[in-house]
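One structure is given below, encoded as structure tokens.
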Amino acid sequence: MLIYVDIIEKLSKALKLVSEEQDADAAVALMLKPMNQNFKVLFVKRIENPIDPWSGQMAFPGGKRDAMDKHLKQTVVRETLEETNINLRDCCHFLGTLTAIRSTRRPEMKILPFVILLDHEPLIKLSERELEGFVWISLRELVQNKGIAKFGFGEVPAYVIESNVIWGLTYRIIENFLQILKCLQPEFVWHAPE
């Protein structure tokens with residue numbers, strides 16, 4: 001348990017404050033679940049939808065800021081609840097945010113990733129109009145399965161774990177997060193037992 005306390009404390013100090021970076025149009029939840037000396041991350045699979053630029057892709061729960069949202073934390077709480085039925089106000093700790101990232105497909109859109117530690121095993125009920133599946137993947141497994149994915153438009157860097165291909169915006173967010181972890185405690189992700 002000491003390794004978790006140490007890495008959580010370091011992460012909380014290294015990440016931006018939740019209120020610090022609000023200049024974004026959308027927010028996503030990078031949820032961490034402690035598991036056997038490592039963390040698992042929740043990924044969701046978007047349904048196939050011709051009007052969705054991220055149709056069919058693996059992603060983090062989240063979405064666009066609504067006019068009713070006072071801030072992006074409210075956006076990520078609302079969107080995560082709508083998409084997965086996980087209430088981030090219960091048994092969760094907001095550790096901070098990563099730097100907001102621009103979408104390649106929609107360059108005008110800036111997405112703020114929130115890093116959230118779960119204290120429990122959440123009961124997930126997906127929004128059938130937005131998502132078709134979910135998977136928990138350990139940070140170690142991501143690192144071990146970094147590679148290339150081939151699409152009709154070319155090859156892209158990706159994490160490929162069985163039928164789950166994590167690329168694009170979600171890949172870039174995970175890469176940013178792993179770089180922070182590597183700087184804080186290099187042995188944690190790369191050498192932690194499963």
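The values are calculated or read from the model by the stated rules, or taken from the named source; none is laboratory data. Because the structure is predicted, anything quoted here is derived from the model rather than measured. With ideal geometry, Cβ positions are generated from the backbone for all residues, glycine too; neighbour counts draw on all protein chains shown.
For the range 81-98, indicate whether the set of residues that are at pLDDT below 95, basic (Lys, Arg) and surrounded by 13 or more Cβ atoms within 10 Å (Cβ to Cβ) is non-empty.
Among the residues of the range 81-98, not one is at pLDDT below 95, basic (Lys, Arg) and surrounded by 13 or more Cβ atoms within 10 Å (Cβ to Cβ), which makes the answer no.
Which residue out of Leu98, Leu117, Leu139 is in contact with a His (Cβ under 6 Å, 6 or more places away or on another chain), of a type in the set (A, V, I, L, M) and under 24 Å from Val18 (Cβ atoms)?
When all the criteria are applied, what remains is Leu117.
Considering Glu155, Glu162, which residue is over 19 Å from Leu72 (Cβ atoms), touching a strand residue (DSSP E or B) at 6+ places or on another chain (Cβ under 7 Å) and without any contact (Cβ under 8 Å) to a residue 12 or more places away in the chain?
Glu155
Being part of a loop (DSSP other than H, G, I, E, B), at pLDDT below 90 and among the aliphatic types (A, V, I, L, M) is the filter here, so list the residues in the range 101-142 that pass it.
Met109
The conditions are (1) within 13 Å of the chain's Cα centre (by Cα); (2) buried (at least 21 other Cβ atoms within 10 Å of the Cβ), and Ile101 fails exactly one of them. Which is it?
With (1) within 13 Å of the chain's Cα centre (by Cα); (2) buried (at least 21 other Cβ atoms within 10 Å of the Cβ) applied to Ile101, the lone miss is (2).
Criterion first (surrounded by fewer than 13 Cβ atoms within 10 Å (Cβ to Cβ), modelled with pLDDT of 85 or more and either over 24 Å from Glu132 (Cα atoms) or aliphatic (A, V, I, L, M) (or both)) does Lys10 satisfy it?
Taking the combined requirement at face value, the residue does not satisfy it.
How many residues are closer than 14 Å to Arg172 by Cα and in contact (Cβ under 8 Å) with a residue 60 or more places away in the chain when one looks only at the range 102-113?
7
Write out, first by first residue and then by second, each pair whose Cβ atoms fall under 6 Å of each other, whose residues are 6+ apart or on separate chains, and whose first residue, in the range 123-151, is touching a residue at least 60 places away in the same chain (Cβ under 8 Å) while the second is in a loop (DSSP other than H, G, I, E, B).
Here the result reads Glu132/Ile47; Phe134/Ile124; Arg140/Ala192, each pair linking the range 123-151 to a residue that is in a loop (DSSP other than H, G, I, E, B).
So, in the range 19-46, how many residues would count as being modelled with pLDDT of 80 or more, surrounded by 15 or more Cβ atoms within 10 Å (Cβ to Cβ) and not in a strand (DSSP E or B)?
2
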